[in-house]
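See below for the structure under consideration.
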Amino acid sequence: MNGMANEQNELMSRLGLLGKDIAYSFSRGYFKAKFEAEQLPFTYENFDLEDISLFPKLLQDNPDICGCNVTIPYKEQVILFLDELDKKAKKIGAVNTITINSKGRLKGYNTDCYGFKNSIKPFLKKHHKKALILGTGGASKAIAYTFKKLKIEFDYVSRTTKSDVKFTYDNLAIEDIKDYKIIINCSPVGTYPDINDCPEIPYDGITDKHLLFDLIYNPEETTFLRLGKNQGAQICNGQKMLELQAEKAWRIWNLKYKPSK
């Protein structure tokens, strides 16, 4: 038994979640339970960094880290520290999964698009032809990529005017809301503990033809979703998307790090 335990410890490698203020995260508990249940030689923890510039030192001080997920606010910023991007991540312009090979080379992937596509598809109906994406961060880029693949028109809503942003929260009108039957919250607004917050959009324009999708999963029903449900809209939180993207990330890591027998 001791010999088996020693062999297991030698194979043990660390994975984790790179982000900022991520104590609320689903990923640590999900992967910890998975690795224990399947007796896999990996650990998973939060790599909570105040600034992305600390990422190289994290890896230097912890050479047993063999990969990580990436969350807000570093999905775009982390790209500067990577040696290579998967083709899909390069097109999207955001990364949520990283592998690190034996030579220390870092490769970025995006599994958010997979998770989002497969969690929203069961809700889509024929009249869901146009979408509003609330937020312009790294998560929103995977959503936009997916809508292009699904041939759904979309526009961004942001706090500030940008070249690729059609609406700001200040100029978004009820008639605009009525015209876009899918509304996706890609911002962190409404995440625990600030559960009473929500994106400032004209909710009176939402109807029973609308689909509201919130990438947030904690709380289970955000104020954004509750206000949409009160108007008769279909709603979906980000739990299924998180599970799907996590399993996709695991398949990437597993192919790379599975010990040979």
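The values are calculated or read from the model by the stated rules, or taken from the named source; none is laboratory data. Fair warning: this is a prediction, and the values are worked out from it, not measured in the lab. No Cβ is skipped: glycine too gets one built from the backbone with ideal geometry, and neighbour counts run over all protein chains shown.
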Query raised in the report: Hey, any hits in segment 168-182 for a residue that's within 20 Å of the chain's Cα centre (by Cα) and more than 30 Å from Thr43 (Cα to Cα)?
Result: yes
Report summary line: Within segment 164-195, restricting to residues that are more than 17 Å from Ser25 (Cβ to Cβ) and among the charged types (D, E, K, R), the one that is modelled with the lowest pLDDT is Asp164
Query raised in the report: Does Ile216 satisfy being of a type in the set (A, V, I, L, M, F, W, C), part of a strand (DSSP E or B) and within 29 Å of Lys107 (Cα to Cα)?
Result: no
Query raised in the report: Which of (1) touching a helix residue (DSSP H, G or I) at 6+ places or on another chain (Cβ under 8 Å); (2) in contact (Cβ under 8 Å) with a residue 40 or more places away in the chain; (3) surrounded by fewer than 16 Cβ atoms within 10 Å (Cβ to Cβ) is the odd one out, the single condition Pro56 does not satisfy?
Result: (2)
Query raised in the report: Considering Thr111, Thr136, which residue is of a type in the set (S, T, N, Q) and either in contact with a Pro (Cβ under 9 Å, 6 or more places away or on another chain) or crowded, with 21+ Cβ neighbours inside 10 Å (or both)?
Result: Thr111
Query raised in the report: Residues in segment 136-173 that are within 17 Å of Ile92 (Cα to Cα) and of a type outside the set (Lys, Arg): how many?
Result: 19
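Suppose the filter is assigned to a loop (DSSP other than H, G, I, E, B), closer than 22 Å to Pro122 by Cα and of a type in the set (S, T, N, Q); does Asn196 pass it?
no
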Requested in this report: Return yes when Ala131 is surrounded by 19 or more Cβ atoms within 10 Å (Cβ to Cβ), modelled with pLDDT of 95 or more and either of a type in the set (S, T, N, Q) or under 22 Å from Val78 (Cβ atoms) (or both) and no when it is not.
Outcome: no
Query raised in the report: Would a scan of segment 150-171 turn up a residue that is under 20 Å from Tyr114 (Cα atoms), in contact (Cβ under 8 Å) with a residue 12 or more places away in the chain and aliphatic (A, V, I, L, M)?
Result: yes
Report task. Go through the residues of segment 72-82 one by one and say whether even a single one is surrounded by 12 or more Cβ atoms within 10 Å (Cβ to Cβ), in a strand (DSSP E or B) and either within 17 Å of the chain's Cα centre (by Cα) or not hydrophobic (A, V, I, L, M, F, W, C) (or both). Result -> no
Report summary line: Within segment 237-251, of all residues that are in contact (Cβ under 8 Å) with a residue 12 or more places away in the chain and surrounded by fewer than 18 Cβ atoms within 10 Å (Cβ to Cβ), the one nearest to Ile195 (Cα to Cα) is Gln239
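Any residue in segment 193-203 that is in contact with a Leu (Cβ under 8 Å, 6 or more places away or on another chain) and surrounded by fewer than 15 Cβ atoms within 10 Å (Cβ to Cβ)?
Yes: segment 193-203 contains one or more residues that are in contact with a Leu (Cβ under 8 Å, 6 or more places away or on another chain) and surrounded by fewer than 15 Cβ atoms within 10 Å (Cβ to Cβ).
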Requested in this report: Would you mind telling me which numbered condition in (1) surrounded by 17 or more Cβ atoms within 10 Å (Cβ to Cβ); (2) more than 20 Å from Thr146 (Cα to Cα) Asn96 fails?
Outcome: (2)
